[in-house]
Amino acid sequence: MKKNVWYRAAFYAAGLLVLALGLTLNTKAGLGVSAIISVSYSISLIFNLNFGNVTLGLYTVFVILEIILHLIHHHSSLRKQPEALTPSSRASLKFILLADVLQIPLSIAFTRFLNVFSALLPDFPPENTLPLFALRLLTVICAIILTGIGAAASLNMRLIPNPGDGIVQAIADTIHKSVGFSKNCFDVVNIAIAIALGFLFTGKLQGVGIGTVLAVIGVGRSIAVFNHFAQDRMKKLADIRD
């Protein structure tokens, strides 16, 4: 196997591990988690369920929605351009759907690492002192940086996307809007659902807080900074051409 293939696999795997660590660290701070996992985390808190398992269920829903959206997008393109119905277009659709389906085994592995990190990382004590709040805030910042680095490293390798990223791309393709705009809308929907679930079942916020706001603002910036310094070097080592 070529050396660049090893680099690509290593960067991809490392990115997913760092992403899982960042997301788990976010839950440990207790100040609200990032939007993409706010629904699964709030459900796990409300019903006292395993966070990794609930996230796996949510990711499976994302994959199903991706498949539906990709089929809608494909058939919409055919109506506009009937000549697009060619063997190459059918092969392309099959490849896209295969990539969607492969996100399920990826999600199984990814959420197992969420459980491992959740078991290894200690919980904060229940006290609400100022020094403890400052430590929680520092933990959120570290979590945001790690989440951005992990997401950037795995996405740069252009292999199977994490379902949280895959669903945003599928939405962007279907509604013909930018990924950034689709991501913002998707984040708002997830946060709204998490807030609604919290108030409906417990009468208070569950998993949504200042950490959620900081994550919405900071993860994208973290990705941008990481890519500024490392993206070109990583792509060169992995032999990925634009």
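So, counting K/R as plus one and D/E as minus one, what does the shell of residues with Cβ under 9 Å around Gly166 add up to?
Summing Lys and Arg as +1 and Asp and Glu as -1 gives -3.
Starting from the Cα-Cα distance between Lys3 and Lys94, subtract it from 0.36 nm times their residue separation and give me the gain in nm to one decimal.
29.9 nm
Given springs between every Cα pair under 10 Å in a Gaussian network model of the chain, which of Ala29, Ala152, Ala14 has the largest fluctuation?
Ala14
Of the candidates Ser182, Ser42, Ser34, which one comes out as most mobile in a Gaussian network treatment of the chain with C-alpha springs shorter than 10 Å?
Ser182
Here is the link list: Lys2/Lys236; Lys28/Lys204; Lys2/Lys94; Lys3/Lys236. Which ones come out longer than 23 Å on Cα distance?
Flagged as over cut-off: Lys2/Lys94.
Output the Kirkwood hydrodynamic radius of the chain, Cα pairs only, in Å rounded to one decimal.
This gives a value of 19.0 Å.
Could you work out the Rg to Rh ratio of the stretch 154-207, with Rh taken as the Kirkwood radius (inverse of the mean 1/r over all Cα pairs)?
When Rh is taken as the Kirkwood radius, the ratio is 1.13.
Apply the Karplus curve 6.51 cos²θ - 1.76 cosθ + 1.60, θ = phi - 60°, to the phi angles in the stretch 42-55 and return the couplings in whole Hz, x for Gly and Pro.
Karplus values, whole Hz, x for Gly and Pro: 5, 5, 5, 6, 5, 9, 6, 10, 5, 4, x, 5, 5, 5.
For the chain, which whole-number percentage of the solvent-accessible area (1.4 Å probe, protein heavy atoms only) is attributable to carbon and sulfur atoms?
71 percent
What is the angle, in °, between the Cα long axis of helix 179-201 and the longest principal axis of the Cα atoms in the chain? Nearest 10 is fine, range 0 to 90.
Rounded to the nearest ten degrees, it is 40.
How large is the accessible surface per residue of the chain, computed with a 1.4 Å probe and reported in Å² as a whole number?
53 Å²
Give me the distance in nm between label points sitting 7 Å out from Cα along the Cα-to-Cβ direction at Val179 and Leu121, one decimal.
My value for the distance between the label points is 2.4 nm.
What are the ³J(HN,Hα) values, in whole Hz, obtained from phi via the Karplus relation 6.51 cos²θ - 1.76 cosθ + 1.60 with θ = phi - 60°, for each residue of the stretch 62-71 in sequence order, with x given for Gly and Pro?
The phi angles translate into 4, 5, 4, 5, 4, 4, 4, 5, 5, 5 Hz.
Multiply the residue gap between Ile72 and Ile108 by 0.36 nm, knock off their C-alpha separation, and tell me the result in nm, one decimal place.
Extra length from Ile72 to Ile108 when fully extended: 10.3 nm.
With each pseudo-label sitting 7 Å past Cα toward Cβ, what's the Leu200-Leu138 distance in nm, one decimal?
3.9 nm
Magnitude of the Cβ-charge dipole of the stretch 131-223, K/R +1 and D/E -1, about the Cα centre, nearest 20 debye?
140 debye
What are the ³J(HN,Hα) couplings of the stretch 136-152, residue after residue, when phi is run through the Karplus curve with 6.51, -1.76, 1.60 and θ = phi - 60°? Round to Hz, x for glycine and proline.
Calculated HN-Hα couplings, in order: 4, 5, 4, 5, 4, 4, 4, 4, 5, 5, 5, 4, x, 4, x, 5, 5 Hz.
Name the residue, out of Gln103, Gln231, Gln206, whose mean-square fluctuation peaks in a Gaussian network model built on the chain with Cα pairs under 10 Å.
The residue that fluctuates most here is Gln231.
The values are calculated or read from the model by the stated rules, or taken from the named source; none is laboratory data. All figures in this text were calculated on a predicted structure; none of them were measured in a lab. Cβ coordinates were reconstructed from backbone atoms using ideal geometry, including for glycine residues, and neighbour counts include every protein chain displayed. In case anyone asks, the SASA skips ligands and DNA or RNA and just uses the protein heavy atoms, side chains included. Shrake-Rupley method; radii C 1.70, N 1.55, O 1.52, S 1.80 Å.
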